[in-house]
Amino acid sequence: MAFVVVYDACVLYPAPLRDLLVRLARTGLFRAQWTELILDECFRNILANRPDLRPEALVRTRELMIKAVPDCLVTGHESLIDGLDLPDPDDRHVLAAAIRAAAQVIITANLADFPADKLKSYGVEAIHPDDFVLDLLDLAPGAVASVVVDQAAGLKNPPRTIADLLDTLREQGLVRSVAKLRELLGTLAD
């Protein structure tokens, strides 16, 4: 059985973190999932905070994400939403998606919104993206390092070094993961 995770909108919001998580999903180490509603929330917030971005560009990004990760969209979870109890009722759709997808983990920066006692009976755990990437580094350090190197190489406008990318990911909350990646990548990350 595949290890399944659901990405919350907050981890898909910052472009570098989103790019990393989508690229990691393509490694085959786990199965990443999300819903149209999660994407709606993510891209609505991006557009609200970045009116300089063209809506068409965000639509394209959304389409590319779905295309990049086969079978990423969870459906049929809507009937579960109203029966769930979380501190923020607006987050129930994420838990419903995790239940429907038989996910073991919700990747979120908003851990307080997904208390362990509310998730336990569904066999779901919420973890921070830093912990998730750190776990992947323990599992497959070469694969994760390769993803980061490829991600940095793909940044053309403006070009970014691996060190630049790691600085950005650190600012986005991947503090321990970036420290481990710097150690793993050595001089490439300087």
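The values are calculated or read from the model by the stated rules, or taken from the named source; none is laboratory data. Given the structure is predicted, the values throughout are model-derived calculations rather than measurements. Heads up, the Cβs are rebuilt from the backbone with ideal geometry, glycines too, and the neighbour counts pull from every protein chain shown.
Side notes on the structure shown:
- Listing of helices (runs of 4 or more DSSP H) fully contained in segment 105-162 that carry 3 or more residues being in the same structural domain as Ser177 (by TED's automatic domain parsing): 129-139, 141-154
- If you filter segment 94-104 down to residues that are in a helix (DSSP H, G or I) and touching an Asp or Glu at 6+ places or on another chain (Cβ under 8 Å), you find that the one that is farthest from Leu184 (Cα to Cα) is Ala96.
- Listed by first and then second residue, the pairs with beta-carbon distance under 7 Å, at least 6 apart or on different chains, first residue in segment 74-103 and within 12 Å of Leu37 (Cβ to Cβ) and without any contact (Cβ under 8 Å) to a residue 60 or more places away in the chain, second surrounded by 16 or more Cβ atoms within 10 Å (Cβ to Cβ) and among the basic types (Lys, Arg), are His77/Arg100; Ile81/Arg92.
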